[in-house]
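Below is one structure; the comments refer to it alone.
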Amino acid sequence: MSLLNVGARALLANQVALQTTGHNIANVNTPGYSRQNVVLQTVQGQFTGGGYIGKGVDVQSILRNHSELLTRQATAAAAVDAGDSVRADRLRQLQDVFGGGPAGLGAAINDMMNAFSDVVGSPTDLTARNVVLTRIDETAKRMRGASERLDEIAYTVAEQLKGSVNSINTLAKNIAGMNEQIARAKGNGQPANDLLDQRDQLIRDLNQHIQTSQVAADDGSISLFVGGSQPLVLGSKAASLSVGDPVEFGAGGGQKRLYFTQPGSSTAVELNEGMLGGGEVSGLLRFQNHDLAEGRNLLGRMAVGISETLNAQNRLGLTLDGKPGGNLFAPIPLANAVAGKGNTSGATMGLQVADATKLQASSYTIALTGPNAGSVTRQSDGKTMAFADINELNAVMLGEGLRLTDGAQPPAAFAGATPPDTFLLNPLQGAAAQMQALQFSPQQLAASNPINAKMGATNDGTLQLAGLKATGQPTALALPPASGVELTFTAGTPATFTLTGNQGAPMDMSTTPPTALVGPPFAFTPGKPITIDGWEITLNGAPKGGDTVTVGNATDAQYGDWYTRDAGNASALMALRDAKIFDGATLSDGFAGAMAQIGTRTQSAQFAATLSSSIAANLERDRTAVSGVNLDEEAARLIQYQQAYQASAKMLQIAQNIFDNLLQGLGR
């Protein structure tokens, strides 16, 4: 009988081994499956006087080939890879908006600025003027089109975030249910291998959306935490996540946050974006809140900078009808500051463009720490600028090209605000969508200077007019009186001049800020612009004593209809393409700078995605080397277990024959 028992045990053990090997082969392509092995143990032998007699083999357990360390490392690396990859994909879409080529926004801006050259050459040519206005309209349309494309990207990101969050909540519930099944199965004393594999695969799927940390419990369940410490899955209970606007500034902040809600609770906790780690949700939030925001700010700054600069110069000129020019683009109103949710004062804050050349492609936060004192933080680089009173606050913002207002005039803005009030400034986020051409009649292009210059009839020197234009700097343009503004020169080394008819002192624009020239008399330097009352004259040559130059209103009768043939303001408009407007870059190079910034972000994101993908692939390969099914190995084991099974069956056959012979012998 003992021999029969040994054979029967061996037969059953090898049958289990064959079945387990077949199970491995059947699941070779099942995602997350871990190869299983039969653990055999020797049945304790029976003691006799001649020693222990073996009693065969039993199946101790069926274990899966699994490394907890490799699985967690591979899961975490895959989460980082998912976040980096989705961000890189979205940045490539953003880069397309800032693309070059003849169909790009940069080409439209350059074509617009270059079109002024034909007006400079022929100011009375209506066709040339029409081309300029057409180019202006095309630039506005492309700017709006780029803004619409950014809105489309934002919409798809929002939808993808919703889909990922729904997947997270579904997977969390499934993992919680799997925890319950595994805890019940563990009561049998053996691991539920297939259930464990399914749970591990669910956790890997979950980490594609959001990175989790894991803590194992004694009952076999696993708790998952997100955002550092929030329990997404705790035993058999699952929390839920949602996407919404920031608590502090709401929808006006233009950003999104991830919220955590405990099971059975209605209170959502805002998670720190910096603690989310990897996963698609983290990558999408980073793109939405930082990359896309920078794209909007860069585009908005270009729209505001171009419209403000060209509008200001066109308003300084004269149309073909002899009237002051109007705005070429519709003025772009800046969004008001968004008050923090915890503000108690009810104070409001508006924004205006003070100096388009100083605008930064950034948002700002203002936080009060005392009565009218606090700090301004520039979000693009994290720079913090403190202020002790309202005047200092206005000075800080003027340095950023912005003027604060509450509908009155500064420093009334911000009045009544009390700590700990906070404000968010997004002045440029939606500016590009509002860019629109205003002028469509060629006569309305203000190509002519509003001023004209005349040399004295008795001049004996070599003075020559090299340039004359209205600048509106450093003060608003003040047109000369009927008698004009007269410059009277005195020969010498250096030569000097005096002024009559002017309203303000002549200014030296080469200093920062501009300073008044020392005098009278004022030193004269040939070729150096002289700025008076918001206009600028440049003279070459050497004057003789008593030489004069008179600057008068271009519409005065003494100049006739010369203003219709003058292109001084068109020259000034064309010269704006070389004016430094965007962080020291010229107007014509501003789009190239924006392209470079977005391109640098995209390149950096692609490098990060490539690196994280390589790390994730290597760790997954290491995990698979331990847990994966090798068909060649399983085929070899099939033969091995088949032979053992056949030998066990032969053992039973022999034992049966011996037993039968014994019974037959006893029967005689």
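Over the Cα atoms of segment 205-285, how large are the radius of gyration and the largest Cα-Cα distance (Dmax), in Å?
Considering segment 205-285 through its Cα atoms, Rg and Dmax are 13.4, 47 Å.
Label Ala482 and Thr515 with points 7 Å out from Cα along Cα→Cβ: what is the distance between them in nm?
3.9 nm
Go through Ser242, Leu285, Val518 and say which Cα lies farthest out towards the positive end of the charge dipole of the chain; charges sit on Cβ, +1 for Lys and Arg, -1 for Asp and Glu.
Checking the options against the dipole of the chain, the answer is Ser242.
Lys580: which lysines have alpha carbons under 19 Å from its alpha carbon, excluding same-chain residues fewer than 8 sequence positions away?
Counting by Cα, and skipping residues close in sequence, Lys580 has these lysines nearby: Lys358, Lys469.
Starting with the fewest neighbours, write out Ile175, Ile658 ranked by other beta-carbon atoms found within 10 Å of each beta-carbon. Don't skip to the end; give the middle numbers.
Numbers: Ile175 25, Ile658 12.
Arranged by neighbour count, lowest to highest, Ile175, Ile658 become Ile658, Ile175.
With just the Cα atoms defining each centre, how far is segment 538-595 from segment 63-129? Give it in Å.
Rounded to whole Å, the Cα centres lie 36 Å apart.
Suppose the chain between Gln473 and Met275 were pulled fully straight at 0.36 nm per residue; how much longer would it get relative to their current alpha carbon spacing? Could the numbers behind the result be given before it?
Values: separation 198, 0.36 × 198 = 71.28 nm, distance 4.92 nm.
Here the answer is 66.4 nm.
Quick one: what are the phi-derived ³J(HN,Hα) couplings along segment 481-498, Karplus 6.51/-1.76/1.60 with θ = phi - 60°, whole Hz, x for glycine and proline?
Running phi through 6.51 cos²θ - 1.76 cosθ + 1.60 with θ = phi - 60° gives x, 4, 7, x, 9, 10, 9, 10, 9, 10, 5, x, 10, x, 5, 10, 8, 10 Hz.
Under a point-charge model restricted to the Cβ atoms of Lys and Arg (+1) and Asp and Glu (-1), what is the dipole moment magnitude of the chain relative to its Cα centre, in debye to the nearest 20?
Numbers: 46 positive and 56 negative charges, 356 e Å.
The dipole of the chain has a size of about 1720 debye.
Scan around Leu328 for amide H atoms under 5 Å from its own, H built in the peptide plane at 1.01 Å from N, and keep only partners 5 or more places away or cross-chain.
Asn311
I'd like the Kirkwood hydrodynamic radius of the chain, using the inverse of the mean 1/r over distinct C-alpha pairs, in Å.
Working: mean 1/r = 0.0314 Å⁻¹.
The Cα-based Kirkwood calculation yields 31.8 Å.
Which FRET efficiency value, to the nearest 0.05, is calculated for Ser117 and Val247 with the Förster distance at 56 angstrom and r the Cβ-Cβ distance?
On the way: r = 53 Å, r/R0 = 0.95.
Between Ser117 and Val247 the formula returns 0.55.
Given the options Pro331, Leu18, Asn618, identify the residue whose Cα lies farthest towards the positive end of the charge dipole of the chain (+1 on Cβ of Lys, Arg; -1 on Cβ of Asp, Glu).
Leu18
Relative to the Cα centre, what is the charge dipole magnitude of segment 451-553, using +1 at the beta carbon of each Lys and Arg, -1 at the beta carbon of each Asp and Glu, and rounding to the nearest 20 debye? Write out the running numbers ahead of the final one.
Working: 4 positive and 6 negative charges, 21 e Å.
Charge dipole of segment 451-553: 100 debye, to the nearest 20.
Work out, in µm²/s and without decimals, the Stokes-Einstein translational diffusion coefficient of segment 451-553 at 10 °C, 1.306 mPa s, Rh from Kirkwood over C-alpha pairs. Could you put the intermediate results ahead of the total?
On the way: Rh = 13.5 Å.
Calculated translational D: 118 µm²/s.
How far apart, in nm, are the 7 Å Cα→Cβ label points at Ser266 and Thr538?
7.1 nm
Run the simple label-point estimate for Val43 and Glu68 please: 7 Å along Cα→C-beta, distance reported in nm.
Using points 7 Å along Cα→Cβ, the separation is 3.4 nm.
When the convex hull of the Cα atoms of segment 95-219 is projected onto a plane and the area is averaged over all directions, what value comes out in nm²? Spell out each step's value before the answer.
Working: hull surface 44.0 nm².
Result: 11.0 nm².
In whole angstrom, and with the biggest value first, how far do the Cα coordinates of segment 1-158 range along each principal axis?
If we take the Cα atoms of segment 1-158, the spans are 127, 25, 24 Å.
May I ask you to derive the FRET efficiency for Thr624 and Ile654 from their Cβ-Cβ distance with R0 = 41 Å, giving the value to the nearest 0.05? Before the final figure, lay out the partial values.
Values: r = 44 Å, r/R0 = 1.07.
According to the calculation, E is roughly 0.40.
About the Cα centre, and with charges only on the beta carbon of Lys, Arg (+1) and Asp, Glu (-1), how big is the dipole of segment 300-434? Nearest 20 debye, please. Mind showing how you got there, number by number?
On the way: 8 positive and 9 negative charges, 46 e Å.
Rounded to the nearest 20 debye, it is 220 debye.
Could you tell me the relative contact order of segment 451-553? Use alpha-carbon pairs under 8 Å, at least six residues apart, and round to a whole percent.
Values: 240 pairs, mean separation 48.3, N = 103.
With pairs under 8 Å counted, the relative contact order is 47 percent.
Choose one of Gln429, Ala367, Leu320: the residue whose Cα lies farthest towards the positive end of the charge dipole of segment 300-434 (beta-carbon charges +1 Lys, Arg; -1 Asp, Glu; about the Cα centre).
Leu320
Spelling out what I want: for every residue of segment 504-514, take phi, set θ = phi - 60°, compute 6.51 cos²θ - 1.76 cosθ + 1.60 (Karplus), and round to whole Hz; glycine and proline get x.
x, 6, x, 10, 9, 7, 7, 9, 10, x, x
Under the 0.36 nm per residue contour assumption, what length would be gained going from the current alpha-carbon distance of Asp321 and Lys141 to full extension?
Values: separation 180, 0.36 × 180 = 64.80 nm, distance 2.79 nm.
Gain on stretching Asp321 to Lys141: 62.0 nm.
Explain nothing, just the number: relative contact order of the chain, from Cα pairs under 8 Å at least 6 residues apart, as a whole percent.
On the way: 1321 pairs, mean separation 124.4, N = 668.
For the chain, the relative contact order is 19 percent.
Would you mind getting the Kirkwood hydrodynamic radius of segment 300-434 from its Cα pairs, rounded to one decimal in Å? Kindly include the intermediate steps, with their values, before the conclusion.
Values: mean 1/r = 0.0637 Å⁻¹.
Averaging 1/r across every pair of different Cα atoms and inverting gives 15.7 Å.
Please list, in chain and number order, the residues 5+ apart from Ser240 or on another chain whose amide H is under 5 Å from its amide H, with Hs placed from the backbone.
Amide H to amide H, under 5 Å and 5 or more residues apart or across chains, Ser240 pairs with Thr261.
Quick check: residue separation of Asp58 and Asn29 times 0.36 nm, minus the Cα distance between them. What number comes out in nm?
Details: separation 29, 0.36 × 29 = 10.44 nm, distance 3.01 nm.
The span from Asp58 to Asn29 would gain 7.4 nm if fully extended.
Cα centroid distance between segment 442-465 and segment 232-259, in Å?
65 Å
Counting each DSSP H run of 4 or more residues in the chain as -39500 (n - 2.57), what helix-only mean residue ellipticity at 222 nm follows after dividing by all residues, to the nearest 500 deg cm²/dmol? Write down the numbers at each step before the final one.
Values: 11 runs with 274 residues, N = 668.
Result for the chain: -14500 deg cm²/dmol, rounded to the nearest 500.
Near Lys162, which lysines are there with a Cα under 27 Å away, not counting those fewer than 8 places off in the same chain?
Straight-line reach from Lys162, under 27 Å: Lys173, Lys237, Lys256, Lys341.
So for segment 1-121, averaging the separation of alpha carbon pairs under 8 Å that are six or more residues apart and normalising by length, what relative contact order in percent results?
On the way: 88 pairs, mean separation 23.1, N = 121.
Relative contact order of segment 1-121: 19 percent.
Given H placed on each backbone N at 1.01 Å, which residues far from Gly504 in sequence or on other chains put an amide H within less than 5 Å of it?
Those qualifying (amide H under 5 Å, at least 5 residues apart or on another chain) are Asp533.
Read-outs throughout are calculated quantities, based only on the coordinates presented, and are distinct from any laboratory measurement. Because the structure is predicted, anything quoted here is derived from the model rather than measured. Cβ: placed from backbone, ideal geometry, glycine included. Neighbour counts: every protein chain shown.
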